[in-house]
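The values are calculated or read from the model by the stated rules, or taken from the named source; none is laboratory data. Bear in mind the structure is a predicted one, so any value in this text is a computation, not a measurement. Note: ideal-geometry Cβ built from the backbone for every residue, glycine included; neighbour counts use all protein chains shown.
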Amino acid sequence: MSATVPSCPEGRSLLEGKTVLVTAAAGTGIGFATAKRCAEEGATVMISDLHERRLGEAAAALEEVAGKPVASALCNVANEDEVQALIASAIAEMGRIDVLVNNAGLGGFARVVDMTDEQWTKVLDVTLNGTFRMMRAALRDMVERASGVIVNNASVLGWRAQPGQAHYAAAKAGVMALTRCAAMEAAEAGVRINAVAPSLAMHEFLSKVTPDGLLEELTDREAFKRAAEPWEVANVIVFLASDYSTYMTGEIIAVSSQHP
């Protein structure tokens, strides 16, 4: 029997006065939930995504929450020119980037024996290389200002094994290592870099790309016998973005009720 889903808490102005850029924020997943929670916590938010129509819909929905226009820009994090343009646009729109949330990632299901070079490379390029490109571009400004926070979206699969997920798990393990190393480099400038590692956060797209029966199996492994709501992951991202986590850097926080 699954636990009752709690109500999302009201905002407490944890990000009042801060500017936040969230990648891959269109749709119904963690990215949009993060942008929404950041807006509810008082931040000025800008979002990016690959999908123009969904990006526009997300910006319109966030405007209702924020009570003001929400900037958005198309960006493929696998393209360096588009990454540079996004960072420049965010600084022009918001004046600075206090917080970057690297949510963009790509999954899929393929066993190693059947996996093509294209499948492997595409997942690694979006999920790991894309995070690196966004971090590198944002850090150049943050280090110069000696201020800023980056929160990366990893996964418990960076620690745990799951059949059919070698490319995704390798990418997310890479995000974890990248987070730790970059955090040590950025610390001398006062810039903090952490990551969340969700186990299972349910949203519409996930159900479309997951093999039959797997979501039920994964859900059954969770202590609460349910998947996390995207906003439950977003709340931990908000915590890491806020001044309540000023002594934390290079940390990977599991957002999970699943234990081996």
Response to the item:
Over region 40-56, the set of residues surrounded by fewer than 24 Cβ atoms within 10 Å (Cβ to Cβ) and of a type in the set (Gly, Ala, Ser) is 42, 56
Item to complete: Could you identify the single residue in 147, 48, 89, 72 that is in contact with a Cys (Cβ under 8 Å, 6 or more places away or on another chain) and not β-branched (Val, Ile, Thr)?
Response: 48
Worksheet item: Could you give every pair whose Cβ atoms fall below 7 Å, whose first residue belongs to region 101-124 and is more than 13 Å from residue 172 (Cα to Cα), and whose second residue is part of a loop (DSSP other than H, G, I, E, B) and of a type outside the set (Ser, Thr, Tyr), counting only separations of at least 6 or pairs across chains?
Response: 109/164; 109/211; 110/164; 111/163; 111/164; 119/108; 119/110; 122/106
Discussion item. Show me the helices (runs of 4 or more DSSP H) entirely contained within region 160-255 in which 3 or more residues are modelled with pLDDT of 95 or more and within 17 Å of residue 28 (Cα to Cα).
Written reply: 230-241
Discussion item. Give me the residue from region 15-35 that is of a type in the set (Val, Ile, Thr) and part of a loop (DSSP other than H, G, I, E, B) and, out of that set, surrounded by the most Cβ atoms within 10 Å (Cβ to Cβ).
Written reply: 23
Fill in: region 150-186, residues that are of a type in the set (Val, Ile, Thr) and either over 13 Å from the mean Cα position of the chain (by Cα) or over 19 Å from residue 245 (Cβ atoms) (or both)
156
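Could you look through region 135-159, keep only residues that are in a helix (DSSP H, G or I) and touching a residue at least 60 places away in the same chain (Cβ under 8 Å), and pick out the one that is surrounded by the most Cβ atoms within 10 Å (Cβ to Cβ)?
138
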Response to the item:
In region 125-154, anything hydroxyl-bearing (Ser, Thr, Tyr) and either in contact with a Pro (Cβ under 8 Å, 6 or more places away or on another chain) or more than 17 Å from residue 194 (Cβ to Cβ) (or both) is listed as 127
